[in-house]
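To start, the structure itself, in structure tokens.
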Amino acid sequence: MSPAGRPRTRAAVFDLVRAARRISRVDLAARSGLTPATITEVVRELLELELVVEAGRGASTGGKPPMLIELNPEARYAVGVLYERNLCTVTVVDLTGRAMATSSSPGTSLMPPEQALPVVAERIGRLLDEAGIERGRVLGAGLATYGPQDRRAGVVLTHQPTADWFGHPVAGRLSELLGLPVLLDNDAVAAAIGEHWLGGVGSGTFGCLYMASGIGGGVVVDGEVYRGASSNGVEVGHITVDVDGGPCDCGNHGCLGNYADPRAVIGQAMRVPGLDRRLGLDPADSDVITSFVRIAAAASGGDPEARTLIERSARLLGTAAVTLTTLFDLECIVLAGPAFGAATWIYQSVIQDELQRRAFVRRVHPVRVVPSVNGSDAAAIGAAALVLQSELASLQLQELYRAR
Ligand SMILES: [Zn+2]
């Protein structure tokens, strides 16, 4: 069969090398179920394309020690973007998913998409230039933002930050501006993919609680991100925590986000006499993440009133963690996103406590709570990993040859 006739085989082998970091041909055959002859052939192709390199010899199992294979990090790159109203983080990762360069700047606020997307494209171009990365080696860009969205069409279906964004073909437009493929995805899902790609949790079945200006979630089951029917699921910020609660923008009532997300906590802080002045909170400030991070830092530093607010928010996120674990039997909950900030440890401890007391599965196995390996850039790094995963999944070698 011609090399182009076996993209799935190559993709499977490539993914095994990625997951193992370093692996011999013998182990590749054992783990993939492919014959040693097929593995030798596929590895030869991947070596010719410089997607993998030989990385010294492993331990001997009796005979000559086997040669190990690992990914060639410089073979290809991918761009990831977290787009928020008040925050735009751009990152470029190598083939292993490691961030080579990252820049965070204020968001484009209330700009309509026709103005905002060229600004994002310009920031991506600048980052690639500064990092000295050839455009020909960049596979594409991932754009992570809040939902709802039509991921396949590359269209956001939200009126945030302005009405012009609803139905705008953001992925197609950014792709035209960059001359690269662009994939749109939910920020929390992207963060979960990034966590899996970089092997942060060491578990194939985990949930991600993502907090930026709102709260989102992602679930990875057996190494595959859970997509549901349209990839608009696991929206934990919009599960009801108070059946008599007030209406939410999403159309539901009593949503978790309205009690626990940064915007809600800022509102609660404003109602504590003197706290707004003490923390320098301005009710007119639309930069939700920055204001929230200030409350989180005060809570972490021992301010009792800020601590009460953050602990309450954490308990509510603990409810979301318990719900997700009950639905999906998760081994781990990852906390990701720029809003946890200095209070990550408070959230981690409170959510862990809720899971230990309330998770249905608690007597069968522990459910750990850990901060994301990708820190506050988790969604941007995950969006880039999404591109690696998607573009390399098919491993269309002729395309890759052409790109050389
Ligand atoms: Zn809602």
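Structural remarks
- Hits in region 282-304 - residues which are surrounded by fewer than 18 Cβ atoms within 10 Å (Cβ to Cβ), among the hydrophobic types (A, V, I, L, M, F, W, C) and without any contact (Cβ under 8 Å) to a residue 40 or more places away in the chain: 284
- Test: residue 18 is in a helix (DSSP H, G or I), touching a helix residue (DSSP H, G or I) at 6+ places or on another chain (Cβ under 7 Å) and among the charged types (D, E, K, R): no
- The residues of region 214-255 that are surrounded by 19 or more Cβ atoms within 10 Å (Cβ to Cβ), part of a loop (DSSP other than H, G, I, E, B) and within 14 Å of the ligand (Cβ to nearest atom), listed by number, are 214, 234, 235.
Matching residues to (1) modelled with pLDDT under 95; (2) farther than 18 Å from residue 85 by Cβ:
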position	(1), (2)
150	no, yes
160	yes, no
163	yes, no
169	no, yes
174	no, no
183	no, yes
197	yes, yes
201	yes, yes
204	yes, yes
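To keep it simple, each residue is scored yes or no on (1) among the β-branched types (Val, Ile, Thr); (2) in a helix (DSSP H, G or I); (3) crowded, with 18+ Cβ neighbours inside 10 Å.
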{"residue": "339", "(1), (2), (3)": "no, no, yes"}
{"residue": "344", "(1), (2), (3)": "yes, yes, yes"}
{"residue": "349", "(1), (2), (3)": "no, yes, no"}
{"residue": "356", "(1), (2), (3)": "no, yes, no"}
{"residue": "364", "(1), (2), (3)": "yes, no, no"}
{"residue": "378", "(1), (2), (3)": "no, yes, yes"}
{"residue": "383", "(1), (2), (3)": "no, yes, yes"}
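- Subset of region 45-61 [under 32 Å from the mean Cα position of the chain (by Cα) and outside any strand (DSSP E or B)]: 45, 46, 47, 48, 49, 50, 51
- Residues in region 315-333 include none that are surrounded by fewer than 18 Cβ atoms within 10 Å (Cβ to Cβ), touching a Leu at 6+ places or on another chain (Cβ under 7 Å) and either assigned to a helix (DSSP H, G or I) or touching a residue at least 60 places away in the same chain (Cβ under 8 Å) (or both).
- If you go through region 256-304 and keep only what is away from the ligand (no atom under 16 Å from the Cβ) and in contact with a Gly (Cβ under 6 Å, 6 or more places away or on another chain), you end up with 293, 296.
Yes/no per residue for (1) of a type in the set (D, E, K, R); (2) in contact with a strand residue (DSSP E or B) (Cβ under 7 Å, 6 or more places away or on another chain):
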| residue | (1), (2) |
| --- | --- |
| 183 | no, yes |
| 187 | yes, yes |
| 197 | no, no |
| 203 | no, yes |
| 211 | no, no |
| 214 | no, no |
| 217 | no, yes |
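- Those strands (runs of 3 or more DSSP E) of region 76-164 in which 1 or more residues are crowded, with 24+ Cβ neighbours inside 10 Å occupy 77-83, 88-94, 138-145.
- Here is the figure for region 194-213: residues that are part of a loop (DSSP other than H, G, I, E, B) and within 16 Å of the ligand (Cβ to nearest atom) total 2.
The values are calculated or read from the model by the stated rules, or taken from the named source; none is laboratory data. Owing to the predicted nature of the structure, the values given are computational and were not obtained by experimental measurement. A quick note on method: Cβ atoms are made from the backbone with ideal geometry, for glycine too, and the neighbour counts reach across all protein chains shown.
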